[in-house]
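Please read the structure below before turning to the comments.
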Amino acid sequence: MPPIAACPQCRSTAPIVYRGVLAYCTACGASRIPLATKSTNHAGKPSIIGGALTRVFGWIVLSGGVAFGLAMLGILQAIFPAGFAGYLVGGPIMLLAAIFGTLLLRGGRSLESTGVSEQRETRTTAIFSLAENRGGIVTAADVAGALGISNAQADDMLTDLAKKSSDNVVLEVDDEGRVFYRVNARGLSRVQSFDEKLRVAERERDAPDESTHDDAAEVLRTRT
């Protein structure tokens with residue numbers, strides 16, 4: 001992990017976003033030093049790409065090895081129809097191909113899953129940092145601009161957070177029907193893991209607001 005340096009503008013250790021070769025703070029938009037911390041553009045990418053390549057190689061080993069084993073089995077059995085040479089040679093080849101191919105496929109899936117989790121956690125940390133800098137209120141457009149992702153991706157992330165962590169992210173709708181998100185970032189900067197952040201926030205948050213938001217609830221139901 002890159003060394004963490006605070007933003008000179010907002011003093012946040014929020015992830016950075018690259019626009020071209022320049023780096024910017026996802027919390028306040030100020031210029032940051034490249035490689036100061038994780039970036040929303042690159043976090044998890046090596047693992048995701050490596051996992052995908054490993055899975056491709058796994059399929060090549062599995063299908064190629066099985067095909068080669070079957071070919072050897074057929075050729076040797078044709079040459080020695082009364083013997084077991086084809087099975088003795090082709091059988092182990094297919095077995096080894098199946099074992100190593102399966103291991104590569106599982107390893108690729110695990111590596112890719114690790115990358116996706118790292119990417120999601122980095123982006124989530126950036127969302128909470130952005131919300132903290134903006135008084136706890138963000139829109140999908142705010143998140144998209146700060147993280148360098150599309151509006152649709154930002155909206156999906158915020159909606160998912162609102163469903164899975166309703167104590168910390170609440171979808172609301174104003175009188176004009178515009179959707180925004182109220183984010184509780186209290187205490188989240190003291191720990192690194194997002195799961196830990198949620199637990200800390202749940203322990204330290206104020207008494208939850210008992211008021212209902214029928215419009216917001218309806219929006220969430222339609223997005224389920």
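Just so you know, all these numbers are worked out from the coordinates, no wet-lab data involved. Quick caveat: nothing in here was measured; it's all calculated off a predicted structure. Backbone-built Cβ (ideal geometry, glycine too); neighbour counts: all protein chains shown.
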Subject >> Built amide H within the under 5 Å cut-off of Ala23, gap 5+ >> reply: Arg32
Subject >> Charge-dipole axis of segment 95-178 as Lys and Arg at +1 and Asp and Glu at -1 on Cβ define it, positive-most pick from Ser150, Gly136, Leu103 >> reply: Leu103
Subject >> Label point distance in nm, Gln153-Arg109, each placed 7 Å from Cα along Cα→Cβ >> reply: 2.5 nm
Subject >> Alpha-carbon centroid distance for the pair segment 106-178 / segment 1-74, whole angstrom >> reply: 18 Å
Original post:
Tell me, what HN-Hα J-couplings in whole Hz come from the Karplus equation 6.51 cos²θ - 1.76 cosθ + 1.60 at θ = phi - 60° for each residue of segment 34-51, using x for Gly and Pro?
Top reply: x, 6, 5, 6, 5, 10, 5, 6, 10, 4, x, 4, x, 5, 5, 5, x, x
Subject >> Under Karplus coefficients 6.51, -1.76 and 1.60, residue-wise ³J(HN,Hα) of segment 169-183 in Hz, glycine/proline x >> reply: 10, 10, 7, 9, 10, 7, 5, 9, x, 7, 8, 9, 10, 9, 10
Subject >> Backbone HN-Hα couplings from phi across segment 80-88 [Karplus 6.51/-1.76/1.60, Hz, Gly and Pro as x] >> reply: 10, x, 8, x, 10, 4, x, 6, 5
